Amino acid sequence: MNSLSGKAVAHKRALTVSAAAVLAVATVVTPVVVQSAYAEPAKASIKTAATEVAKGSPIAPMTVSHKAAQASFNALAVAQITAEQVKGRADLTQLDAAIDALQNNYSSDPGTLHTLTVSADDAVVDANKAAIAHDAAVAAAQKAAAEAAAQKAAAARAAAAALARVNTPSGAQAVAQSMAASRYGWGGDQFSCLVSLWNRESGWNYQAYNAGSGATGIPQALPGSKMASAGGDWATNAATQISWGLGYIAGSYGTPCGAWGHSQSYGWY
């Protein structure tokens, strides 16, 4: 009887020493890469060990400590990996604090380890949510910027196409007829005189230039820079030249027919 009792005590001591040795190794060695999937099984193991404690298992206390330590190591590894993955995409304050708490913990108390593990797991979840939200915001901003750029490009193409139409003789005449009616109330008779006048002066060519006198554009402004009063794009936009030319005619001759009559008499207006 004494012999059996002695063997039982020795066996218990051996298990105790073995469990303590495992825990000691676990507290020193931190896995370099631990998949996040390990965390839940580790927690489940803690619950199983706790059940063993309730049943009175002699090695259960050490099992609980070991499982709690392993769960904390898994949580630390996952937290460290997550911190690298979400850097620049999430606020790492909470996650860094959880990592520091695990790294600087010297307690083997299962309750303490469980608390630190849960805090780290929660911080990982929050960091991932923040990173996802950040990515979504960046994607939305990029989409909005792309759409704005596309709209701007489309508007530029439309403006260029409109300018190209205006800068043809027929397009320039259409603009002149509309502008003459809306600004000065001139009807078809006056527009007919205007067509004749500017046909003679420039052929309704916005690029027309008289090398001898320096007269420029559809209305043959002398010098061409006078038309800058109607717009900075006077050299490239027929509508700007027309705007200046109609103003000049109204101020100098009253109407296009008045200007055309002068041109017919003197060869210029």
Report task. Could you please tell me which pairs satisfy a Cβ distance under 6 Å, a separation of 6+ or placement on different chains, a first residue in the range 234-253 that is within 13 Å of residue 179 (Cβ to Cβ), and a second residue that is assigned to a helix (DSSP H, G or I) and aromatic (Phe, Trp, Tyr)? Result -> 250/184
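Rundown of residues vs (1) buried (at least 21 other Cβ atoms within 10 Å of the Cβ); (2) within 24 Å of residue 185 (Cβ to Cβ), yes/no style:
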residue: 229; (1), (2): no, yes
residue: 234; (1), (2): yes, no
residue: 241; (1), (2): yes, yes
residue: 244; (1), (2): yes, yes
residue: 257; (1), (2): no, yes
Requested in this report: Could you tell me whether residue 186 is outside any helix (DSSP H, G or I) and on the phi > 0 side of the Ramachandran plot?
Outcome: no
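This table checks each residue for (1) at pLDDT 95 or above; (2) within 17 Å of residue 253 (Cα to Cα); (3) assigned by TED's automatic domain parsing to the domain that holds residue 261; (4) hydroxyl-bearing (Ser, Thr, Tyr).
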{"position": "155", "(1), (2), (3), (4)": "yes, no, no, no"}
{"position": "173", "(1), (2), (3), (4)": "yes, no, yes, no"}
{"position": "187", "(1), (2), (3), (4)": "yes, yes, yes, no"}
{"position": "197", "(1), (2), (3), (4)": "yes, yes, yes, no"}
{"position": "201", "(1), (2), (3), (4)": "yes, yes, yes, no"}
{"position": "221", "(1), (2), (3), (4)": "yes, yes, yes, no"}
{"position": "232", "(1), (2), (3), (4)": "yes, no, yes, no"}
Query raised in the report: Applying the selection to the range 130-186, what residues are aliphatic (A, V, I, L, M) and in contact (Cβ under 8 Å) with a residue 60 or more places away in the chain?
Result: 163, 166, 172, 175, 176, 179, 180
Query raised in the report: Looking at (1) loosely packed, with under 15 Cβ neighbours inside 10 Å; (2) within 43 Å of the chain's Cα centre (by Cα); (3) aliphatic (A, V, I, L, M), which is the one condition that is false for residue 172?
Result: (1)
**Report entry** Total residues in the range 95-123, condition crowded, with 18+ Cβ neighbours inside 10 Å and farther than 23 Å from residue 65 by Cβ
**Finding:** 2
**Report entry** Unique match (being surrounded by 18 or more Cβ atoms within 10 Å (Cβ to Cβ), within 23 Å of the chain's Cα centre (by Cα), part of a helix (DSSP H, G or I) and not basic (Lys, Arg)) among 69, 79, 75, 127
**Finding:** 127
Report task. Evaluate the following for residue 160: is it within 30 Å of residue 243 (Cβ to Cβ) and either in the same structural domain as residue 198 (by TED's automatic domain parsing) or among the charged types (D, E, K, R) (or both)? Result -> no
Requested in this report: Using the structure shown, decide if residue 181 is loosely packed, with under 14 Cβ neighbours inside 10 Å, of a type outside the set (D, E, K, R) and either assigned to a loop (DSSP other than H, G, I, E, B) or out of contact with any Phe, Trp or Tyr (no Cβ under 7 Å at 6 or more places or on another chain) (or both).
Outcome: no
Query raised in the report: Can we say residue 146 is closer than 30 Å to residue 240 by Cβ, surrounded by fewer than 18 Cβ atoms within 10 Å (Cβ to Cβ) and not assigned by TED's automatic domain parsing to the domain that holds residue 175?
Result: no
Report summary line: Selection over the range 208-235 where residues are under 43 Å from the mean Cα position of the chain (by Cα) and assigned to a loop (DSSP other than H, G, I, E, B) yields a count of 5
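The values are calculated or read from the model by the stated rules, or taken from the named source; none is laboratory data. Only a predicted model underlies this, so the values are computations on that prediction, with no experimental measurement involved. Please note: Cβ atoms are built from the backbone with ideal geometry, for glycine as well, and neighbour counts cover all protein chains shown.
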